[in-house]
Amino acid sequence: MKKKRLALSTTHYIMISFLLVILAGSVLLSLPISTVDGKSVSYTDALFTATTATCVTGLVTLPTVTTWSVFGQVVILCLIQLGGLGIITVMSGFMIALHKKIGISDRLLLQDTFNLNTLSGLVRFVKKVIAGTFIVEGIGALMYMTVFIPQYGAKGIWISVFNSVSAFCNAGIDIISENSLCEYATNPVINVVTSFLIVTGGIGYVVWWDIIRVIKLYKTHGLKCFKFMTLHSKIAVFMTVMLIAFGAVLFFAFEYNNPLTMGNHNLFDKIQLSLFQSVTTRTAGFATIPQENFTNASAVISLLLMFIGGSPVGTAGGVKTVTIAVLVITAYSMVKDKNEITVFNRAISQKAVKKAIAVVGTSFVIMFVSTILLSLVTDAEIIDILYETVSATATVGLTRNLTSSLNIWG
């Protein structure tokens with residue numbers, strides 16, 4: 001009698017690959033060579049760091065810049081890149097580079113990884129994703145070098161590369177200081193470059209290629225070329241711009257006179273700080289202002305932006321912009337008693353609506369339960385705990401100075 005083989009879905013393979021990478025990373029980070037002082041950190045801290053890097057979250061229990069040696073930082077950077085690009089994507093990239101054939105099972109894995117509707121053109125898509133990622137990260141690193149090399153010398157090259165990869169992958173981990181980018185809060189280059197990398201990585205690869213395709217139509221159609229964008233791209237771009245503007249305006253208003261955040265800055269710097277906070281809450285995790293100094297109103301806005309996150313098929317987390325857009329449009333259509341759910345003169349399928357409800361509902365339950373559990377084992381203000389759980393679930397990496405003080409259960 002033949003034994004039944006354990007049937008694993010593509011989702012299982014993706015989960016297992018992440019687990020294996022996290023475990024491998026935790027072992028490497030627990031070695032003495034990974035730390036500055038040559039002493040092993042606890043395995044709990046090594047596991048936490050490997051997890052936050054691979055899941056491009058950014059919450060850390062130990063200061064990255066003072067804890068990890070160059071070897072440890074390289075391990076963390078590799079985990080961030082693997083997590084941002086996707087482990088399946090990187091593995092497929094190696095297979096393509098070695099001229100190995102991508103079978104149907106591998107194509108199904110890639111389809112699930114990128115949440116695509118078709119199997120056609122997947123190999124070409126992977127090539128474009130990997131090449132595009134390295135090009136954008138390279139541009140970001142070169143722009144960072146204009147600030148970091150004059151300040152740190154040759155070490156500035158490594159800092160620039162690390163920060164570029166971390167920002168593009170929306171990881172929020174840096175090797176500059178223990179207070180993230182607070183020292184560069186009013187530096188226009190750091191603000192612009194970091195924001196550019198965060199938005200580029202978070203808006204999604206599918207949107208990249210769609211925008212490039214549409215721009216090529218400009219010669220023949222002029223500005224009307226943008227009407228040829230896919231519905232997905234239109235929603236992703238519209239929501240990204242709207243949420244950044246929405247967040248920036250509210251942060252500007254709520255923190256204008258707060259001396260702990262931007263009250264003592266001039267108008268230009270206040271605009272910089274407001275825009276950056278709005279961008280970074282969309283799952284990036286870098287901070288130019290200590291999050292615990294924000295007013296409660298700003299903290300609530302940050303929670304909302306963190307929960308929404310970036311766009312699908314990108315490096316950002318959260319429930320995604322398109323998901324929220326579908327829910328809002330559905331609610332509006334129901335209030336107006338419309339028979340069909342439409343946006344930009346295109347109909348939204350019932351399958352998309354059901355998927356959006358499932359994603360938001362599941363994420364909310366995870367955050368709610370996590371908040372209760374963390375409240376049981378942590379003595380902290382509820383706003384700080386809620387900030388922590390939303391940040392972790394949406395893979396943001398912002399904290400109101402709580403992560404480093406958590407006990408092992410926390």
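Heavy-atom accessible surface of the chain, averaged per residue, reaches 49 Å², computed with a 1.4 Å probe.
With a Cα cut-off of under 15 Å and a minimum spacing of 8 residues unless on different chains, the lysine pairs in segment 155-267 number 4.
Its relative contact order, with pairs defined as Cα atoms under 8 Å and 6+ residues apart, puts segment 314-409 at 28 percent.
Along each principal axis, taking the top coordinate minus the bottom one, the Cα set of the chain gives 66, 57, 49 Å in descending order.
With a 1.4 Å probe and every protein chain kept in, tell me what percent of the accessible surface of the chain is carbon plus sulfur.
Here it works out to 68 percent.
The listed residues Phe148, Phe252, Phe226 rank as Phe226, Phe252, Phe148 when sorted by accessible area, largest first, using a 1.4 Å probe.
With θ taken as phi - 60° and the Karplus curve 6.51 cos²θ - 1.76 cosθ + 1.60 applied, the whole-hertz 3J(HN,Hα) list for segment 159-176 is 4, 5, 5, 4, 5, 5, 5, 5, 5, 5, 7, 6, 8, x, 9, 9, 10, 9 Hz, x standing for glycine and proline. Pair-distance distribution of segment 226-366: all C-alpha pairs, bin width 10 Å, starting at 0; shares per bin in whole percent are 11, 36, 30, 17, 5, 0. Residues considered: Gly38, Gly86, Gly309. Largest GNM mean-square fluctuation over the chain, using C-alpha springs under 10 Å, is found at Gly38.
The modelled label-to-label distance between Ala245 and Thr230, using points 7 Å beyond Cα along the C-beta direction, is 2.5 nm.
Across segment 198-212, rounded Karplus estimates of 3J(HN,Hα) from the backbone phi angles (6.51 cos²θ - 1.76 cosθ + 1.60, θ = phi - 60°) give 4, 5, 4, x, x, 7, x, 5, 4, 5, 3, 5, 5, 5, 4 Hz, Gly and Pro being marked x.
Under 5 Å between amide hydrogens, built in the peptide plane, is the criterion, and for Val343 it picks out Ile348 among residues at least 5 positions away or on other chains.
Sites listed here are trypsin sites (Lys or Arg not before Pro) in segment 122-227 whose DSSP assignment is loop and whose Cβ has at most 13 other Cβ atoms within 10 Å: Lys216. For the chain, relative contact order (Cα pairs under 8 Å, six or more residues apart, normalised by length) works out to 16 percent.
Once backbone amide H atoms are built at 1.01 Å from N, Trp68 has Val36 as its partners under 5 Å, excluding neighbours fewer than 5 places away on the same chain. Note on the chain: helix-only mean residue ellipticity at 222 nm, from DSSP H runs of 4+ residues weighted -39500 (n - 2.57) and normalised by residue number, equals -20500 deg cm²/dmol.
Computed with every protein chain present, the accessible area of Met334 is close to 140 Å² [probe 1.4 Å]. Among residues other than Phe307 with Cβ under 14 Å from its Cβ, the summed charge is +1 (Lys and Arg +1, Asp and Glu -1). Coupling constants for segment 68-84 follow from the phi torsions by the Karplus curve (6.51 cos²θ - 1.76 cosθ + 1.60, θ = phi - 60°), and in residue order they are 9, 6, 4, 4, x, 5, 5, 4, 4, 5, 4, 5, 4, 5, 4, x, x Hz; glycine and proline get x. The trypsin sites (Lys or Arg not before Pro) of segment 321-410 meeting both criteria, a DSSP state outside H, G, I, E and B (loop) and at most 13 other C-beta atoms within 10 angstrom of the site's C-beta, are Lys336, Lys338.
The values are calculated or read from the model by the stated rules, or taken from the named source; none is laboratory data. In this text the structure is predicted, and so the values were computed from the model without any measurement. We place every Cβ from the backbone using ideal geometry, glycine too, and count neighbours over all the protein chains shown. The accessibility values were calculated without ligands, DNA or RNA, using every heavy atom of the protein model including side chains. Shrake-Rupley method; radii C 1.70, N 1.55, O 1.52, S 1.80 Å.
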